[in-house]
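Chemist: Dropping the structure in here first, questions after.
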Amino acid sequence: MGCASEGPSVTGERIWIVRMRRLLPVTQTRGQAEALRADRDLRDGPAPEDPSMTKITGLVATLVLAAIVQPGAARAQGFATVDTPTIEGAHGLILIPENWNGGLFIYAHGYSADERLLEPFPTDITLANFTSKLPLLFQASVLPALEGYASATTTFRSVGWYVEDADCPEGETCGGPEPPTPIEDGLSRECTDFLLAHPETFSENATSPGGAFVAPSVTACFGDARPGGAATPEQTARRSMFVRASQIPESFITTDMFFATIGIAEVFHRRTNEKHPWGNVGVEYASPLATPEELAAFNAGVHRSAEDAPGVVYMRRFYEPNGRTAAKVITVHALDDGLVIPENEDKYHEAFEAAGTSDRLVQLFTSYGGHCGFITEILPALNALTAWVEEGRKPSMESVSASCPACRFTDERPESWGLKVVERRQNGAPVPLLVCAGEPGDCPSGTRCDAGRHRCLPAGSPPASTHGPR
């Protein structure tokens, strides 16, 4: 899951809103304005090696301290309640601020393979110490307290993707011992289990993603990708070809390789019963950044894997958004996100169009932040969502930007999804299940888009009725 997900959502994590009484009016106080200026000053300083997340903790602390010192009755003083229940092996955290406004935000964090995050939460969390008491992945759950909201979050029972476990053979447990299978591609089960049991062997830190497991292999292939890092001519050429063929920002290579190894291996071995949920057999890669000769060589030499229908069905059932929601949804996505690419928002909007719910979706974009590295923009988006739910005032990029002049929202939108990702036929995903908008590349080769229903159809098939079942 990236910086956009189903449910009332404003980051790569999910945040649901529950209201117990009317929201108190929220205005930007002097302290909040000082926090925004401090945020801007920090952002304009020297660029870090990885610009996506390195300043998050400092910015969160800045916002918290500014809210604590601000004058007026709405100041954030502390928590009236810190509750840490454990339910069915998952550890919860419930925070109610002293100036509770009657609202509750429920926060679900993003991906992590680090089992050290499965520990119970400390009971002595305060606004002054939460950046040292909570792992970075959970610190965003405290931000609503700055506006008087209570918040609740939970660890997962196991590390990995936020999807259901697949059905396992009788007598076995998902992720438990199973007979070894021939290694076709990727990490073996034994290697995956070892890595997940020893999180010190890899890193999810934004400044060193992948750590000692991923980084050395990336460096050996592409050279040192840091500014001024050493690389041979051959490594530089390979890196250039990889970046242009994949259209992945160079600063995200190591991050993406972490998910391409440990992340995908966890899905394959622990979620889909070793059924491949993705495949690229028959895909013709056509990046506009590579020459025809380079693309010919790339397509001839790229590794090919065939998907398994049960794996595809599993991912569509438990993960793929379908837009069928009665909730109002706001997404915020950074245009420089190289992990969950912003073009995914285009396909996400197509899913809402196909479901007939596009009036329930507002998509906001920032000009910075990498993968969920924006901080200042979170609270304005949350306030906009609350006003939409409670007062019926549907927000727009213009209205949210006007509420936060120091924020870096932008009118710029990503290109169409099909220009970055090659849509493909997949066993287990019939063509009419694929959503589209008539844009280049958003249906597989040899098919067409039915603009009325926003669905792909086999070429030559008659148009489907727009009044039929969706």
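Chemist: For the stretch 288-298, which positions are over 29 Å from GLN363 (Cβ atoms) and surrounded by fewer than 13 Cβ atoms within 10 Å (Cβ to Cβ)?
Modeler: Initially, the stretch 288-298 is screened for residues over 29 Å from GLN363 (Cβ atoms), giving 290-298.
Once the filter is applied, which keeps residues that are over 29 Å from GLN363 (Cβ atoms) and surrounded by fewer than 13 Cβ atoms within 10 Å (Cβ to Cβ), the stretch 288-298 yields THR291, PRO292, GLU293, ALA296.
Chemist: Any idea which of (1) crowded, with 23+ Cβ neighbours inside 10 Å; (2) outside the structural domain of TYR285 (by TED's automatic domain parsing); (3) over 16 Å from PRO414 (Cα atoms) is the one ASN322 doesn't satisfy?
Modeler: (1)
Chemist: Now, a different point. Looking only at the stretch 399-449, which residues are of a type in the set (S, T, N, Q) and assigned to a loop (DSSP other than H, G, I, E, B)? Spell out how you get there, then give the answer.
Modeler: Going through the stretch 399-449, the residues of a type in the set (S, T, N, Q) turn out to be 399, 401, 403, 410, 416, 426-427, 445, 447.
The answer is THR410, SER416, ASN427, SER445.
Chemist: Which ones in the stretch 438-453 are surrounded by fewer than 21 Cβ atoms within 10 Å (Cβ to Cβ) and either in the same structural domain as LYS347 (by TED's automatic domain parsing) or touching a Phe, Trp or Tyr at 6+ places or on another chain (Cβ under 9 Å) (or both)?
Modeler: Once the filter is applied, which keeps residues that are surrounded by fewer than 21 Cβ atoms within 10 Å (Cβ to Cβ) and either in the same structural domain as LYS347 (by TED's automatic domain parsing) or touching a Phe, Trp or Tyr at 6+ places or on another chain (Cβ under 9 Å) (or both), the stretch 438-453 yields GLU439, GLY441.
Chemist: In the set THR447, THR410, which member is among the hydroxyl-bearing types (Ser, Thr, Tyr) and either within 27 Å of the chain's Cα centre (by Cα) or modelled with pLDDT under 90 (or both)?
Modeler: Exactly one of THR447, THR410 is among the hydroxyl-bearing types (Ser, Thr, Tyr) and either within 27 Å of the chain's Cα centre (by Cα) or modelled with pLDDT under 90 (or both), namely THR410.
Chemist: Please state which one of THR410, THR386 is assigned by TED's automatic domain parsing to the domain that holds LEU146 and either in contact with a strand residue (DSSP E or B) (Cβ under 9 Å, 6 or more places away or on another chain) or among the basic types (Lys, Arg) (or both).
Modeler: Working: THR410 fails: assigned by TED's automatic domain parsing to the domain that holds LEU146.
Exactly one of THR410, THR386 is assigned by TED's automatic domain parsing to the domain that holds LEU146 and either in contact with a strand residue (DSSP E or B) (Cβ under 9 Å, 6 or more places away or on another chain) or among the basic types (Lys, Arg) (or both), namely THR386.
Chemist: Please work out if GLY279 is at positive phi and touching a Ser or Thr at 6+ places or on another chain (Cβ under 6 Å). Before the answer, list the steps.
Modeler: Details: at positive phi: no; touching a Ser or Thr at 6+ places or on another chain (Cβ under 6 Å): yes.
So GLY279 does not fit the description; no.
Chemist: To continue, here is another question. Can you confirm whether THR155 is farther than 28 Å from ALA384 by Cβ and either buried (at least 20 other Cβ atoms within 10 Å of the Cβ) or out of contact with any helix residue (DSSP H, G or I) (no Cβ under 9 Å at 6 or more places or on another chain) (or both)?
Modeler: Numbers: farther than 28 Å from ALA384 by Cβ: yes; either buried (at least 20 other Cβ atoms within 10 Å of the Cβ) or out of contact with any helix residue (DSSP H, G or I) (no Cβ under 9 Å at 6 or more places or on another chain) (or both): yes.
Against the criterion (farther than 28 Å from ALA384 by Cβ and either buried (at least 20 other Cβ atoms within 10 Å of the Cβ) or out of contact with any helix residue (DSSP H, G or I) (no Cβ under 9 Å at 6 or more places or on another chain) (or both)), THR155 qualifies.
Chemist: Here are some conditions: (1) within 30 Å of GLY279 (Cα to Cα); (2) surrounded by fewer than 21 Cβ atoms within 10 Å (Cβ to Cβ). SER396 meets all but one. Which one does it not meet?
Modeler: Among (1) within 30 Å of GLY279 (Cα to Cα); (2) surrounded by fewer than 21 Cβ atoms within 10 Å (Cβ to Cβ), SER396 violates only (1).
Table: residues versus (1) within 30 Å of ARG157 (Cβ to Cβ); (2) loosely packed, with under 13 Cβ neighbours inside 10 Å; (3) out of contact with any helix residue (DSSP H, G or I) (no Cβ under 8 Å at 6 or more places or on another chain).
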residue: ARG271; (1), (2), (3): yes, no, no
residue: ALA286; (1), (2), (3): no, no, no
residue: ALA300; (1), (2), (3): no, yes, yes
residue: ARG304; (1), (2), (3): no, yes, yes
residue: ASP308; (1), (2), (3): yes, no, yes
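Chemist: Restricting the first residue to the stretch 291-315 and requiring it to be under 26 Å from VAL243 (Cβ atoms), which pairs with a second residue that is surrounded by fewer than 13 Cβ atoms within 10 Å (Cβ to Cβ) meet a Cβ separation below 7 Å and a spacing of at least six or different chains?
Modeler: The qualifying pairs are ASN299/GLU284; HIS303/ASP185; ARG304/VAL281; SER305/ASP185.
Chemist: Among the residues of the stretch 354-376, how many are on the phi > 0 side of the Ramachandran plot and at pLDDT below 95?
Modeler: At the first step, the residues of the stretch 354-376 found to be on the phi > 0 side of the Ramachandran plot are 356, 369-370, 372.
Imposing the further condition that a residue be at pLDDT below 95 reduces the set to 369-370, 372.
Matching residues across the stretch 354-376 total 3.
Chemist: Taking the stretch 109-136 as the search range and keeping residues that are surrounded by 18 or more Cβ atoms within 10 Å (Cβ to Cβ) and not in a loop (DSSP other than H, G, I, E, B), which one is nearest to the chain's Cα centre (by Cα)? Lay out the reasoning, then the answer.
Modeler: Initially, the stretch 109-136 is screened for residues surrounded by 18 or more Cβ atoms within 10 Å (Cβ to Cβ), giving 109-113, 117, 121, 125, 127, 130, 134.
Going one step further and asking which of them are not in a loop (DSSP other than H, G, I, E, B), we end up with 112, 117, 130.
Numbers: SER112: 11, LEU117: 18, PHE130: 23 Å.
Going through the qualifying residues, I end up with SER112.
Chemist: Something else: Within the stretch 186-281, which helices (runs of 4 or more DSSP H) (wholly inside it) include 3 or more residues that are free of Cβ contacts under 8 Å to residues at least 60 places away in the same chain and among the small types (Gly, Ala, Ser)? Break it down into steps so the answer makes sense when it comes.
Modeler: On the way: elements: 189-197, 211-222, 233-246, 253-258.
By residue number, 211-222, 233-246.
The values are calculated or read from the model by the stated rules, or taken from the named source; none is laboratory data. Note that the coordinates shown come from a computational prediction; the quantities given were computed from them, not determined experimentally. Here Cβ is always computed from backbone atoms with ideal geometry, including for glycine, and neighbour counts include all displayed protein chains.
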